[in-house]
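A.B. asks: Here it is, the structure in full.
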Amino acid sequence: MSSTGVKFYQVGSFAVGNRLLDPELRSAQSEQGRANSLTSGHRACQGCGEALGARYVLDAAMRAAQGRMVTVNATGCLEVFSTPYPETSWRVAWLHSLFGNAPAVATGVAAGLRATGKDDVRVVAQGGDGATVDIGFACLSGMFERNDDVLYICYDNGGYMNTGVQRSGATPPAARTTTTQAVGDEPGNVFGQGKDVPRIAVAHEIPYVATATVADLRDLEAKVDKAMGMHGARYLHVLVPCPLGWGSASKDTVKIARLATESGHFPVFEAERGEVTSVRKIRHQVPVEEYLTLQGRYKHLFSPVRRDDVIDRLQAMADRNIARYGLVEEVL
Amino acid sequence: MLQQVEGSKAVAVAVAASRPQVICAYPISPQTHIVEELSRMVKSGELRGCEYVNMESEFAAMSGVIGASAVGARSYTATASQGLLYMVEAVYNASGMGLPIVMTVANRAIGAPINIWNDHGDAMSQRDSGWIQLYATSNQEAADMHVQAFKIAEELSVPVMVCMDGFVLTHATERVDVLEQDAVDAFLPPYSPRQLLDPDDPVSIGSMVGPEAFTEVRYLAHMRQLEALDVIPRVAAEFAAQFGRDSGGLLRSYRTDGAETIVIALGSVFGTLQDVIDAERADGVSVGLLGVTSFRPFPYEATHAAVQGARRVVVIERALAVGAGGIVAGDVRIALTGTEISQRTVIAGLGGRPITTTSLREMLGRAVRDELPALTFLDLDTGVVDRELRRLHPVDRFADVLPQT
Ligand SMILES: Cc1ncc(C[n+]2csc(CCOP(=O)(O)OP(=O)(O)O)c2C)c(N)n1
Ligand code: SF4
Ligand SMILES: [Mg+2]
């Protein structure tokens with residue numbers, strides 16, 4: 001494993017609404033007049049990364065759109081925990097249609113707004129990883145290919161959480177889900193390419209693609225802001241730990257997301273029109289194992305017998321990300 | 001203006017004159033000519049104020065018009081057969097959310113075996129989807145009914161499917177009074193949505209509803225369809241008053257007065273049947289014809305009234321409920337409740353098989369002599385099915401139920 005050079009970072013730069021910052025640089029969350037798009041009282045689990053991510057994403061998007069925004073939501077945890085009739089946690093104009101069609105609905109919304117002369121109203125669509133990389137993938141690719149004026153957000157918690165933690169095309173290798181259980185010779189999810197939708201999105205050469213996590217909410221907000229400053233199809237893939245599905249402690253959601261990036265397991269980058277334009281360098285590189293041990297879904301890699309063979313393969317995948325995106329600063 | 005045009009073109013012109021704001025579509029025969037023409041009209045600037053989106057599937061096409069309709073745009077799509085089945089989940093979703101989308105279904109059979117020709121199996125599969133379903137008897141009526149469909153849909157906030165026989169109508173060139181913009185504008189007011197996704201007044205649409213209110217939501221959808229039983233004929237009457245011809249409505253009666261036998265049918269076979277009825281009447285046979293224009297909602301009371309005095313009805317269906325028989329027949333049976341009228345079902349024209357005057361007259365002859373079985377497959381090749389049944393069942397236990405046509 002390569003090591004990281006010494007770098008000085010301002011302590012507290014992760015903090016929201018940092019008072020040391022100029023007002024215009026402050027977080028959308030720090031603003032008293034924030035949209036509060038996903039307001040309190042919803043039924044997400046404690047420590048839900050998706051709820052956290054969605055709140056930051058939508059408030060930042062609402063700020064950028066000056067409140068002129070419509071949101072389309074796929075079926076999944078985010079939809080179910082937010083709108084048990086007759087209640088709703090959404091303070092944005094919000095439409096849920098189906099599990100697999102959010103990108104296409106958003107396309108229609110954008111077309112409808114144009115046709116009715118409301119060109120100023122922006123469209124944000126969002127869904128879980130299942131909705132995005134699996135069942136809604138054809139619609140997503142179609143929306144990209146036509147370059148429809150939609151910002152699509154995928155909240156990736158690596159499985160079909162709403163239906164009880166089944167495997168999705170975004171479930172990482174070796175992870176236990178209820179349909180890839182920790183039994184047999186290769187416990188947990190199979191090894192393979194997985195479906196790397198951020199890279200597939202880049203291949204569509206759309207104006208903007210970025211990944212982010214709920215560990216760096218300022219970065220997440222900044223990317224939403226940047227995306228909202230552009231038109232055409234834009235894609236943001238956000239890693240959102242799920243305490244229930246990952247078998248992790250509610251208090252560890254942000255920590256686990258940080259370890260995912262600091263280990264290279266989840267690369268954070270931006271791309272514009274088919275080219276990677278920036279990567280978030282690893283600050284304090286950690287072995288993938290540190291990321292794994294906080295999660296019950298990888299427990300079978302450590303007990304009853306330690307599976308170094310599998311852990312090594314996961315490390316190799318992280319190393320590949322590090323090499324592909326240049327996540328580690330060369331020591332000079 | 002009277003023109004010699006293809007049915008698809010007449011429909012495209014009627015749709016365009018209805019000033020749709022968003023069209024999302026995906027091609028499938030025999031719907032293609034309609035959407036090709038509309039896409040051309042949008043691209044050339046002939047149809048202004050409209051977004052035409054080439055979607056990646058029918059599922060996406062219906063999803064697109066759901067989104068467009070939800071932000072208050074008048075929205076249209078068209079499909080057929082496999083395409084309709086491919087969009088089913090979204091079809092139900094559109095009606096569940098009460099979005100007044102209009103869709104043409106260029107009726108075509110459903111595979112396997114794959115078959116591009118006409119029957120009603122596609123639209124009939126969406127019988128309970130919550131959409132209003134209107135069946136056109138001619139290209140004139142198909143064109144006219146699209147303009148009416150937008151009015152009905154938007155008044156009730158219910159989506160409407162206009163069904164026209166694939167190829168038989170879509171690809172037939174005949175004389176049609178092509179609808180003109182001024183006249184359609186006078187008939188159809190701009191769309192004012194009942195509910196709207198609007199940043200100025202944000203609402204959540206498409207919430208999860210549990211047992212505490214789901215029945216009520218469904219009940220209200222049912223009531224809106226029943227309301228359509230008043231709205232559909234009223235809109236048809238308004239249309240007749242302005243355009244001077246009968247198109248649409250719930251039912252269409254032809255020479256049913258005093259008829260002993262009444263044939264009930266949907267779609268373009270109505271024209272063939274009119275000729276058959278004329279010929280039979282000329283021969284002194286007491287027959288009449290009832291066309292069902294509105295299949296959903298089904299006009300039970302109007303049907304009951306329309307067949308009063310008859311001794312028997314023969315329902316001709318271009319679709320089959322495998323294992324049951326007729327589909328429309330079930331509704332007719334409900335409509336006949338409390339009468340002594342006997343009912344026969346004839347499955348005809350599946351997968352594009354021509355329904356000929358000769359076969360219809362032969363069948364009617366048997367019907368009036370009370371020789372028609374409860375369920376008949378018109379022009380069935382008994383040699384083929386007989387051979388196959390015997391091959392499948394060497395022990396000849398099906399011999400006595402083989403059709404005797
Ligand atoms: C067509 C269809 N298939 C399956 C389902 C069941 N379903 C609802 S949500 C869901 C999983 C959602 O997973 P994801 O998109 O990753 O969102 P999460 O709940 O994990 O946030 C599934 C399988 C459905 N609603 N519709
Ligand atoms: S199951 Fe996971 S994604 Fe769903 S609400 Fe709970 S923590 Fe959030
Ligand atoms: Mg998920």
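A.B. asks: Using only the Cα atoms of segment B:2-243, what are the Rg and Dmax in Å?
C.D. replies: According to the Cα coordinates of segment B:2-243, Rg and Dmax are 17.0, 56 Å.
A.B. asks: Spin-label point model (7 Å from Cα, Cβ direction): what's the B:Leu2 to A:Gln66 distance in nm?
C.D. replies: For B:Leu2 paired with A:Gln66, the spin-label model returns 5.7 nm.
A.B. asks: Ok, one more. Any idea which of A:Asn157, A:Ala115, A:Asn101 is furthest toward the positive side of the dipole for the protein assembly as shown, if Lys and Arg beta-carbons carry +1 and Asp and Glu beta-carbons -1?
C.D. replies: So the residue furthest toward the plus end is A:Asn157.
A.B. asks: So what's the convex hull volume per residue for the Cα atoms of segment A:30-83, in Å³?
C.D. replies: Once divided by residue count, the hull of segment A:30-83 is 87 Å³.
A.B. asks: Collect residues whose amide H, placed 1.01 Å from N in the peptide plane, falls under 5 Å from the amide H of B:Gln343; neighbours closer than 5 in sequence don't count.
C.D. replies: B:Val313
A.B. asks: Over all directions, average the projected area of the Cα convex hull of chain B and note it in nm².
C.D. replies: 22.1
A.B. asks: Tell me the Kirkwood radius of chain A: reciprocal of the mean inverse pair distance over distinct alpha-carbon atoms, in Å.
C.D. replies: 20.1
A.B. asks: Just want to confirm a number: the relative contact order over chain A, from Cα pairs under 8 angstrom separated by 6+ residues, in percent.
C.D. replies: Value for chain A: 17 percent.
A.B. asks: How do B:Thr376, B:Thr358 line up, fewest other C-beta atoms within 10 Å first?
C.D. replies: So the residues, fewest neighbours to most, are B:Thr358, B:Thr376.
A.B. asks: With each label point set 7 Å from Cα along the Cα-Cβ vector, what nm distance links B:Glu301 and B:Val385?
C.D. replies: Output for this residue pair reads 3.9 nm.
A.B. asks: Read phi for every residue in segment B:72-80 and hand back ³J(HN,Hα) as whole Hz from Karplus 6.51 cos²θ - 1.76 cosθ + 1.60, θ = phi - 60°, with x for Gly and Pro.
C.D. replies: Working through the residues one at a time gives x, 9, 5, 10, 9, 8, 8, 7, 6 Hz.
A.B. asks: Provide B:Lys9, B:Lys151 in ascending order of the number of other Cβ atoms located within 10 Å of each residue's Cβ, fewest first.
C.D. replies: B:Lys9, B:Lys151
A.B. asks: Let me know the longest stretch in chain A that avoids all trypsin sites (Lys or Arg not before Pro) found in a DSSP loop with at most 14 other C-beta atoms within 10 Å.
C.D. replies: Of all site-free stretches, the longest is A:44-272.
A.B. asks: Of A:Lys195/A:Lys223; A:Lys118/A:Lys195; A:Lys118/A:Lys255; B:Lys43/B:Lys151; A:Lys223/A:Lys299, which sit over 30 Å apart, Cα to Cα?
C.D. replies: A:Lys118/A:Lys195; A:Lys118/A:Lys255; A:Lys223/A:Lys299
A.B. asks: Would you work out which of B:Leu134, B:Met124, B:Val162 lies farthest towards the positive end of the dipole of chain B, given +1 charges on the beta-carbon of Lys and Arg and -1 on that of Asp and Glu, about the Cα centre?
C.D. replies: Result: B:Met124.
A.B. asks: Something else: Could you estimate the translational diffusion coefficient of segment B:251-392 from the Stokes-Einstein equation, with Rh from the Kirkwood formula over C-alpha pairs, at 25 °C and 0.890 mPa s, in whole µm²/s?
C.D. replies: 159
A.B. asks: Convert each backbone phi in segment B:327-332 into a coupling constant with the Karplus relation 6.51 cos²θ - 1.76 cosθ + 1.60 (shift: θ = phi - 60°), then list the ³J(HN,Hα) values in order as whole Hz, x for Gly and Pro.
C.D. replies: 9, 4, 3, x, 5, 4
A.B. asks: Starting with the fewest neighbours, write out A:Tyr298, B:Tyr135 ranked by other beta-carbon atoms found within 10 Å of each beta-carbon.
C.D. replies: A:Tyr298, B:Tyr135
A.B. asks: Only loop residues by DSSP count here, and only those with at most 16 other Cβ atoms within 10 Å; note down the trypsin sites (Lys or Arg not before Pro) in segment B:347-391 that meet that.
C.D. replies: B:Arg369
A.B. asks: What's the magnitude of the charge dipole for chain B around its Cα centre, counting Lys and Arg as +1 and Asp and Glu as -1 at the beta-carbon? Answer in Debye, nearest 20.
C.D. replies: With Lys and Arg at +1 and Asp and Glu at -1, about 560 debye.
A.B. asks: Check B:Gly130: other-chain or 5+ apart residues with amide H under 5 Å from its amide H, H built from backbone geometry?
C.D. replies: none
A.B. asks: Can you give the alpha-carbon Rg of the protein assembly as shown over 2.2 N^0.38 Å, where N counts its residues?
C.D. replies: Compactness ratio reported: 1.12.
A.B. asks: With θ set to phi - 60°, apply the Karplus curve 6.51 cos²θ - 1.76 cosθ + 1.60 along segment A:306-323 and write out the HN-Hα couplings as whole Hz, x wherever there is a Gly or Pro.
C.D. replies: So the Karplus estimates, Gly and Pro as x, are 6, 9, 4, 4, 6, 4, 4, 5, 5, 5, 4, 5, 5, 4, 5, 4, 4, 5 Hz.
A.B. asks: List the trypsin sites (Lys or Arg not before Pro) in segment B:38-104 that DSSP assigns to loop (not H, G, I, E or B) and whose Cβ has at most 11 other Cβ atoms within 10 Å. Which are they?
C.D. replies: Passing both the DSSP loop test and the Cβ count: B:Arg48.
A.B. asks: Could I ask something else about it? Long-range amide H contacts for B:Cys163: which residues qualify at under 5 Å (H placed 1.01 Å from N, peptide plane, sequence gap of 5 or more or a different chain)?
C.D. replies: B:Val105, B:Leu134, B:Tyr135, B:Ala136
A.B. asks: Separate question: Which whole-number percentage describes the relative contact order of segment B:158-293, with Cα contacts under 8 Å and a sequence gap of 6 or more?
C.D. replies: That works out to 22 percent.
Here, each number is a calculation from the coordinates, and none is a lab measurement. This one's a predicted model, so the numbers in the text were calculated from it and none came from an experiment. Backbone-built Cβ (ideal geometry, glycine too); neighbour counts: all protein chains shown.
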